[in-house]
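Have a look at the structure below before the remarks.
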Amino acid sequence: MGEGQIQTIFRENHEALEVFPGFFASFDWKSLSDQLNWKQNEIRMFGRMYPEPRLTAWYGLPYTYSGIHWPEQEMTSELQLLRREIERITHFSFNSVLANCYRSGNDSMGWHRDNEPEMDQSLIASVSFGSERRFLIREKKGTRKFEVPLGNGTLLLMHHMQEGWEHSIPKTAKEKGVRVNLTFRRIVLPEADQ
């Protein structure tokens, strides 16, 4: 772990987008993926329910997004190993992770922000394994946009990017294998719940 150099894609004031290609390239992600409790949830769009175009799993404190509620669940030992390594280089503590499985180029994630009120938006760390996919990020109230290829083992860091920026993983007609993405977050529960 830890190969390659970190690259700054964007930095302005407290906002920054950094990528570390191949940081976890030697990690046995297939073994990790086999142990995760993958689900295909339904989400509401335009007044109708649709299956999410990906599989997901949640580990950490209770969390809700797009009407999907995840109860508290302890991280696996492999997730904890990855978390500790990310915390070592970022000096930021994470207590939860959303796992995403893109089974082919047909699986995707539309434009969104990870800005739920219980989430500390200071830093989200994203690790990609398997097939390379395009990560798109655009300014919510502006014209700037970036495209970052996320290959196997790539670590992506989004510092304070959830308020003013949106991101997505678009569909592709190209033949793509499985991609597993782990987004490490810090959830802050109200004091009464802790």
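Nothing in this text is a laboratory measurement; each read-out follows from the coordinates by a stated rule. Remember, predicted model here, so these are calculated numbers, not experimental data. Using ideal geometry, Cβ is built from the backbone for each residue, glycine included, and neighbour counts are taken over all protein chains shown.
Details
- Relative contact order [Cα under 8 Å, 6+ residues apart], region 7-193, whole percent: 29 percent
- Karplus (6.51, -1.76, 1.60) ³J(HN,Hα), θ = phi - 60°, over region 89-100, in Hz, Gly and Pro reported as x: 8, 9, 6, 9, 9, 10, 10, 8, 8, 9, 9, 10
- Positive-end extreme of charge dipole, the chain - chosen from Pro21, Trp111, Phe10 (charges on Cβ): Trp111
- Only helices enter the 222 nm calculation for the chain: every DSSP H run of n ≥ 4 contributes -39,500 (n - 2.57), and dividing by all residues gives -3000 deg cm²/dmol, rounded to 500.
- Calculated over region 7-193: convex hull of Cα atoms, volume per residue (Å³): 134 Å³
- Among the listed pairs Lys39/Lys171; Lys30/Lys145; Lys140/Lys176; Lys30/Lys176, those whose Cα-Cα separation exceeds 22 Å are Lys30/Lys145; Lys140/Lys176.
- For region 133-148, putting each phi into the Karplus relation 6.51 cos²θ - 1.76 cosθ + 1.60 with θ = phi - 60° gives couplings of 9, 7, 9, 10, 9, 9, 5, 5, 10, x, 10, 6, 8, 9, 10, 10 Hz, in residue order, rounded to whole numbers and with x for Gly and Pro.
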